[in-house]
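A short reminder: the numbers here are calculations on the coordinates, not readings from a lab. This structure is a prediction, so every number in the text was calculated from the model and none was measured. All Cβ positions, glycine included, derive from the backbone under ideal geometry; neighbour counts span all protein chains shown.
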């Protein structure tokens, strides 16, 4: 069991049960930036259970990457402990974006997997790029669902209901991108607003991301400047 730092009042208490083939990192933040790191894992046969809280207007962000061998997928169960509302990785309010930045750096293939300022900034840059549509997936798109929990090749993953399905992003039109192993423009970022529902996928009286304020071009330009700054700090 893992606990993140508690937030003051007006926060939603969340229980998240996650596994990803091959690996993932869990964050939360606003519609335009990552703010907090929760945890990561590199072993898909295990299911991690996190209890934490976050503002009701925040998003969960799940960064994922595969080893492009055999299969890939994200499986999760999430519960709002204040209302009892439960949702899964295959619910329609989830969005995904493809960064196209997967490299050969092990174990996370260049994806942000820690709470360091550099990784928070890198994820924020990709959130902004997705908000502006300037990436391989042309922004945030719907996920593609594969098998239910309990199906081949993963079998039954503990702490997640059998109604949950493995999901991924499809870069080539494959209706089930979880098999075979393939690089669907990884690394990927999945997100969902914590107060979203199937009828209100972006939360009550809300809009996705910063586009109404910044405009797509401004969001994309800002993400490019931020990525350039990250590269200069790393060199």
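For the pair residue 104 and residue 42, a Förster radius of 22 Å applied to the C-beta separation gives a FRET efficiency near 0.90, rounded to the nearest 0.05.
Residue 114 to residue 35: FRET efficiency via 1/(1 + (r/R0)^6), r the Cβ-Cβ distance, R0 22 Å, to the nearest 0.05? Don't jump to the answer; show the numbers that get you there.
Details: r = 14 Å, r/R0 = 0.64.
E(calc), rounded to 0.05, equals 0.95.
As a rough guide to protection, the peptides 18-31, 146-159 ranked by mean Cβ packing within 10 Å, highest first, stand as 18-31, 146-159. Summarising the label geometry, the points placed 7 Å from Cα in the beta-carbon direction at residue 151 and residue 57 lie 3.8 nm from one another.
Once you have the Cα-Cα distance between residue 172 and residue 13, take 0.36 nm times their residue separation minus that, and quote the gain in nm to one decimal. It would help to have the intermediate numbers written out before the result.
Working: separation 159, 0.36 × 159 = 57.24 nm, distance 3.72 nm.
Residue separation times 0.36 nm, minus the Cα-Cα distance, leaves 53.5 nm.
Subtracting the Cα-Cα distance of residue 49 and residue 82 from their residue separation scaled by 0.36 nm leaves 10.2 nm.
Exposure proxy shown here: for 192, 160, 127, the number of other Cβ atoms within 10 Å sets the order, fewest to most, as 160, 192, 127.
Let a ≥ b ≥ c be the square roots of the eigenvalues of the Cα gyration tensor of segment 18-149; is it rounded (a/c under 1.5), or, if not, prolate (a/b larger than b/c) or oblate?
Numbers: a/c = 1.30, a/b = 1.09, b/c = 1.19.
Here segment 18-149 falls in the rounded category.
Residues of segment 43-81 with an amide N closer than 20 Å to a point placed 7 Å from the Cα of residue 163 along the Cα-to-Cβ direction: 74-81.
Shape call for segment 92-176 from the C-alpha gyration tensor, a ≥ b ≥ c root eigenvalues: rounded (a/c under 1.5), prolate (a/b greater than b/c) or oblate?
Numbers: a/c = 2.02, a/b = 1.47, b/c = 1.37.
It is prolate, given that a/c is not under 1.5 and a/b is the larger ratio.
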